[in-house]
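Working notes, structure below.
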Amino acid sequence: MTKKTRSDQYNIRVVEKTIRVLRVLSDGKARTLTDISQEMDINTSTTFRLLATLVNHNFLEVDDLTGEYQLGFACLELARSYQAGSELLRVALPQLRRLRDFTKETVHLAALDGMEVVYLEKLEGLHAIGLMSSRVGRRAPAYCTGLGKALLSHKDPETILENMEWENLIRFNERTIIEPDALLKHFEETRRRGYALDEGEHESEVRCVAAPIFDQNGETIAALSVSGPKSRMDPIDQNEELIRLTLNTAQEISEKLGYRP
């Protein structure tokens, strides 16, 4: 179970439910009133009032023919405001573009939110592939993705043990590690070598190299990755040039943010 913080006592329930609606729809899939109500385990009348309010303020749009809801323009405006004001994105984007153009593979930037990663930027590779489900704003589990492992490897093991919902971890395939001891050992190995590998633990056909980004205080604030299909990337653990480029780019961004090893 996720450990509650002292600030939970100030939560306003209706606001919390409204945020949950936005989180449910943040995966980009449109849903009906019934779908959202069932997913949130809230009665339909309450759900309808929440949805109507969000539609009125343009945070949601509803299709009059299908009755399906999806995120609206107000969410896009917030995202653009965040991007415009983010020093991390401003500093990182030129370096990410250079890494993408050099490797010709898909490059991601993500941050950790709890035990999930949130994609802050995605630069599509120059090869036409559609293997990856990642998109800006979408979440993914941290324990089995390259970006997530790069970030969790710098977290205190006790924090991971307390906050990871172990009983809910999904074994996506035979490569996915979900056992606590094995996973913590894997994070420690990742931290020691300085970069993470995704050898298909989440999406079986995708391979990835990821590295952490540090701020001026030495805190891990994000991670970047280079991802592509296993047909081009394998054996990923022996791709020394790609690993070097990934690490160098992460280091350059960190130094521009004020980090000094």
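Some observations on this one:
- Fully extended contour minus Cα-Cα distance, from ASN43 to SER204, at 0.36 nm per residue: 54.2 nm
- Span from the region 97-115 Cα centroid across to the region 141-165 one, whole angstrom: 18 Å
- Rounded percent of accessible protein surface that carbon and sulfur make up, region 90-227, 1.4 Å probe: 47 percent
- Sites listed here are chymotrypsin sites (Phe, Trp or Tyr not before Pro) in region 108-195 whose DSSP assignment is loop and whose Cβ has at most 15 other Cβ atoms within 10 Å: PHE172.
- With the cut-off at under 18 Å, measuring from each backbone N in region 92-120 to a point 7 Å along the Cα-to-Cβ line of HIS154 picks out 92-93, 95-96, 108-120.
- Modelled spin labels at ALA182 and ASN58, positioned 7 Å past Cα toward Cβ, are 5.0 nm from each other.
- Using the Cβ of VAL14 as centre and a radius below 11 Å, the other residues enclosed give a net charge of +3, where K and R count +1 and D and E count -1.
- Extension reserve of the THR32-ARG232 stretch, reckoned as 0.36 nm per residue once the Cα distance is removed: 68.0 nm
- Accessible surface computed residue by residue for region 93-154, with neighbouring protein chains in place and a 1.4 Å probe, gives 40 Å² per residue.
- Local net charge near SER231, Cβ-Cβ under 11 Å (Lys/Arg +1, Asp/Glu -1): +1
- For the peptides 35-46, 106-117, residues were scored by their other Cβ atoms within 10 Å and the scores averaged per peptide; the highest-first order is 106-117, 35-46.
- Correct option for Cα extents along the principal axes in Å [calculated from the coordinates] among [x] 56, 39, 38; [y] 56, 45, 30; [z] 66, 41, 29: [x]
The values are calculated or read from the model by the stated rules, or taken from the named source; none is laboratory data. Quick caveat, the model's predicted, so the values are computed rather than measured. FYI the Cβ positions are ideal-geometry reconstructions off the backbone, even for glycines, and counts take in every protein chain you see. When the accessible area is computed, the model is the full protein with side chains, heavy atoms only, and any ligands, DNA or RNA have been set aside. Shrake-Rupley method; radii C 1.70, N 1.55, O 1.52, S 1.80 Å.
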